[in-house]
Amino acid sequence: MKITVEMPNVSECQVSECVYNLEQACHARAITVGDGVKPGCDTYFKAGSHVKRASEIAGVGACKVNGCQYNDDFECQAANIQVGFAGDSIDCLTFSPR
Ligand code: SF4
Ligand code: SF4
């Protein structure tokens, strides 16, 4: 079954050690952001290898950070997002508090 939905793209991700990262881009089908308060990338996964397919650019499937101005009903409404390092965290860098 193929499901087509409009999602904001992850336009860039700095986290090169993540399984889904190839050349500063995320290739998961969709990521989930946030733990309710902080905008961390919930889909981050470190392992000894990377995905082989680089054709798909990830979308933002869900975001639990209702305190972000781009969040509407626990979905992201930004045009696209960037993910990277914020201190020790791996965060959505597009997060902007209301
Ligand atoms: S956006 Fe998240 S899942 Fe995608 S490559 Fe970056 S850290 Fe990994
Ligand atoms: S921009 Fe805001 S609403 Fe969109 S994924 Fe990042 S934290 Fe969530």
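Give the carbon-plus-sulfur fraction of the accessible surface of segment 9-92 in %, rounded to a whole number; probe 1.4 Å, heavy atoms of protein chains only.
So the carbon and sulfur contribution to the accessible surface is 47 percent.
About the Cα centre, and with charges only on the beta carbon of Lys, Arg (+1) and Asp, Glu (-1), how big is the dipole of segment 9-92? Nearest 20 debye, please.
With only Lys, Arg, Asp and Glu charged at Cβ, the dipole is about 280 debye.
Can you list the aspartates and glutamates whose alpha carbon is less than 18 Å from that of Lys2, not counting same-chain residues fewer than 8 positions off?
Glu56
Compute the Cα gyration tensor for the chain, then decide on rounded, prolate or oblate, letting a ≥ b ≥ c be the square roots of its eigenvalues: rounded whenever a/c is under 1.5, prolate when a/b is larger than b/c in the other cases, and oblate in all that remain.
Taking the square roots of the gyration eigenvalues as a ≥ b ≥ c, the chain is oblate.
Just to check I understand the Karplus step: with θ = phi - 60° and J = 6.51 cos²θ - 1.76 cosθ + 1.60, what whole-Hz values come out for segment 8-21, glycine and proline as x?
Couplings: x, 7, 8, 6, 7, 9, 7, 8, 5, 7, 6, 3, 8, 9 Hz.
What residues qualify as long-range amide H neighbours of Thr43, i.e. H under 5 Å apart, gap of 5 or more or another chain, H built at 1.01 Å from N?
Result for Thr43 returns Thr32.
Out of residues 5 or more away from Val10 or on other chains, whose amide H comes under 5 Å of its own, with H placed 1.01 Å from N in the peptide plane?
Ala58, Gly59, Val60, Ile81
Pick out which of Asp88, Asp42, Asp73 has the largest mean-square fluctuation in a Gaussian network model of the chain, springs linking Cα atoms closer than 10 Å.
The residue that fluctuates most here is Asp88.
The values are calculated or read from the model by the stated rules, or taken from the named source; none is laboratory data. Being a predicted model, the structure only gives us computed values, none of them experimental. No Cβ is skipped: glycine too gets one built from the backbone with ideal geometry, and neighbour counts run over all protein chains shown. Heavy atoms of the whole protein, side chains included, go into the accessibility calculation; ligands, DNA and RNA do not. Shrake-Rupley method; radii C 1.70, N 1.55, O 1.52, S 1.80 Å.
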